[in-house]
Amino acid sequence: MILWAWKVFMPHRIFLLRGNHESKYCTSVYGFEQEVMAKYGSQGQHVYRKCLMCFEGLPLASLAGRVYTAHGGLFRSVPASPSKKPKGKKGRKNIVNPEVNSLSLGSLEELLKARRSVLDPPWEGKNLIPGDVLWSDPSMKPGLSPNKERGIGLLWGPDCTEAFLKKYDLKLIIRSHEGPDAREKRSNLGGMKEGYTIDHEVESGKLITIFSAPDYPQFQATEERYNNKGAYIVLKPPKFDIPVFHSFEAITPRPKVNAYYSYEDVLDSDEELDLASMATDTGGQPSPSV
Ligand SMILES: [Mn+2]
């Protein structure tokens, strides 16, 4: 809310990027929708819808100086739509679902063309770039592969980081999307104790993961907590390419707040996409095959 107020107050000085939680699916699974309903009473539905409209309008990524920033990270190339209608019987549709071995890194031109105003980024079909940018994770394994843990987005290796930085003469990729709970499951990547990690150090520059929520997740069923620090990065013009990290601790005692969702039933704070539950709610998208 504070960030949002800043954006309204100084729209040309404040830039907010969209994350995967700024979607219809995540806002209903992790308590945002319920919280708005509880706090805004009879206006709740209206306020929630307006929030979703704002989320839909948020940019997916930014370029500032020599820095590319996005919540998840890199994205695939999407085959251009054929200019002519494919020959064949009426009603036969060409479903684009690239094979694993046909995955290649997307370009900024493709990112610019992607249709980003979607309530829930699709995990199949033609408009895959928004889902990649919001849900993908880095990996130490070279190349691009489907992000099976998440059920949407990609995993990309250090070679992709290098190719992307080199192609656009960039020094840094800054992303978030993985807290201490997510990193605990990924043995070959750094933990999130200090609120940030440098995941790829390649010839052209670095890939950084930054996580700004200390003592995360806010709600969990177990007593044992991660006690992670949160962090932010200060970058200075004109190139913004020398990151200065600042870590900070959570305040204690933690203020008492309601969860507005049954967190005991949600295994992970950034759980994989529940494709089955989304299928009923995505307005005409084909049902998922899994
Ligand atoms: Mn995320």
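The values are calculated or read from the model by the stated rules, or taken from the named source; none is laboratory data. What you see is a predicted model, and the numbers here were worked out from it, not measured in a lab. Methodologically, a virtual Cβ is constructed for each residue, glycine included, from the backbone with ideal geometry; neighbour enumeration extends over all protein chains shown.
Structure values in brief
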read-out	value
Answer from 101, 97 - the residue that is more than 16 Å from the ligand (Cβ to nearest atom), under 29 Å from residue 178 (Cβ atoms), assigned to a helix (DSSP H, G or I) and at pLDDT below 95	101
Subset of the range 177-213 that is of a type in the set (S, T, N, Q) and farther than 18 Å from residue 225 by Cα - its residue that is surrounded by the most Cβ atoms within 10 Å (Cβ to Cβ)	209
Those residues of the range 152-163 which are within 16 Å of the ligand (Cβ to nearest atom) and either more than 17 Å from the chain's Cα centre (by Cα) or on the phi < 0 side of the Ramachandran plot (or both), in sequence order	152, 154, 155, 156
Residues that are away from the ligand (no atom under 16 Å from the Cβ), assigned to a loop (DSSP other than H, G, I, E, B) and either without any contact (Cβ under 8 Å) to a residue 24 or more places away in the chain or touching a Gly at 6+ places or on another chain (Cβ under 8 Å) (or both), drawn from the range 1-44	1, 10, 11, 12, 13, 14
Within the range 242-273, tally of residues that are among the acidic types (Asp, Glu), at pLDDT below 95 and more than 16 Å from the ligand (Cβ to nearest atom)	2
Selection from the range 223-234 of residues that are surrounded by 19 or more Cβ atoms within 10 Å (Cβ to Cβ) and either polar (S, T, N, Q) or part of a loop (DSSP other than H, G, I, E, B) (or both)	228, 229
Residue list for the range 45-72, restricted to those being hydroxyl-bearing (Ser, Thr, Tyr) and either free of Cβ contacts under 8 Å to residues at least 60 places away in the same chain or outside any strand (DSSP E or B) (or both)	48, 62
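Residue-wise test of (1) in a loop (DSSP other than H, G, I, E, B); (2) of a type in the set (Val, Ile, Thr).
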residue: 112; (1), (2): no, no
residue: 115; (1), (2): yes, no
residue: 119; (1), (2): yes, no
residue: 127; (1), (2): yes, no
residue: 133; (1), (2): no, yes
residue: 142; (1), (2): yes, no
residue: 149; (1), (2): yes, no
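For every residue, the table says whether it meets (1) closer than 28 Å to residue 196 by Cα; (2) at pLDDT below 95; (3) crowded, with 20+ Cβ neighbours inside 10 Å.
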| position | (1), (2), (3) |
| --- | --- |
| 44 | no, no, no |
| 53 | no, no, no |
| 58 | yes, no, no |
| 66 | yes, no, no |
| 74 | yes, no, yes |
